[in-house]
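To start, the structure itself, in structure tokens.
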Amino acid sequence: RDRDVTGVQTCALPISNQGIIHRGWWGASTAGTRLDITIYAFHMPAFFFVSGIFLCASVAKRGEGRFTLERMRTLLYPYVLWSVISMASVNVLAHFTVQEHRDWAHFLPSLIKGYGIWFLPALFACQMFGMALRKLPGAAIVAIAVLTFYFVPHTGVVWLDLGLQFFPFVATGMWVGRRYEQMERIPRWLALVGAVALFGALLAATYQPWTAYKNIVLLGGAIGTLMLVLLARSL
């Protein structure tokens, strides 16, 4: 459960929907775009939240050194490997796809900044932040993460900026820990009703321009993640 593979499932639906949008299968309807915005409001926050749930237990089990090396192997190594494969394949298939030929001279700077599958190095950064702060009270970790999110300026390094953006969800996962199992006490019908209600709240939060982008990131991520937890309980 602490192998950080949740992103495979959470990325599948928006990618499929984007394929439908690009092919024009939604026609004149805006449903595809609305669905895309709604999914993106929570699919990455949920991914980072789940990784935070098992972080402290994983560090305690492996120790800081082994934990860091394992995360390098399971997050940074796939990031570098897939980036190389993606770069090479795009150049080979550029004549047959809508993607443009890429210049290898720009590959290393892009790799360092975290373009492409940015969520792997971003998650690595979050895991290191969490490991460093894990001995603090959970509420303090969340407070630090939120303050960092709001007040640390962008660096231009994609994986670091997005890591700081999603660290509040990792911190919340660390705070919750194994207490998420208490959700099993909620009746299935009530969990389903709650999930539907939260989906409606998520639609309202993402389609009303009443607040700043950063507020929407935290609000949409929190609502959507809880919605998924309740949906999982109902199923």
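The values are calculated or read from the model by the stated rules, or taken from the named source; none is laboratory data. Remember, it's a predicted structure, so these values are computed and weren't measured experimentally. Here the Cβ positions follow ideal geometry from the backbone for every residue, glycine too, while neighbour counts run over all protein chains shown. Side chains are part of the model used for accessible areas, which takes the heavy atoms of the whole protein and leaves out ligands, DNA and RNA. Shrake-Rupley method; radii C 1.70, N 1.55, O 1.52, S 1.80 Å.
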Q: Mind ranking HIS154, HIS95, HIS106 by accessible surface for me, highest first, 1.4 Å probe?
A: HIS95, HIS154, HIS106
Q.
Suppose we look only past 19 Å in the calculated P(r) of segment 88-203. What percent of the Cα-Cα pairs does that tail hold?
A. 65
Q) Computed FRET efficiency, Cβ-Cβ of ARG185 and TRP82, R0 41 Å: what is it to the nearest 0.05? A) 0.55
Q | Cut-off 13 Å (backbone N to label point 7 Å along Cα→Cβ of LEU136), residues of segment 169-189 | A | 171-172, 175
Q. What distance in nm separates the simple spin-label points at THR155 and TYR115, each placed 7 Å from Cα in the Cβ direction?
A. 1.9
Q) If you take the beta carbon distance between LEU231 and ASN91 as r and set R0 to 35 Å, what does 1/(1 + (r/R0)^6) give as a FRET efficiency, to the nearest 0.05? A) 0.30
**Q.** Local electrostatic count, THR206, Cβ distance below 11 Å [Lys/Arg +1, Asp/Glu -1]
**A.** 0
**Q.** Charge tally in the Cβ shell below 15 Å around VAL80, where Lys, Arg are +1 and Asp, Glu are -1, VAL80 excluded
**A.** +3
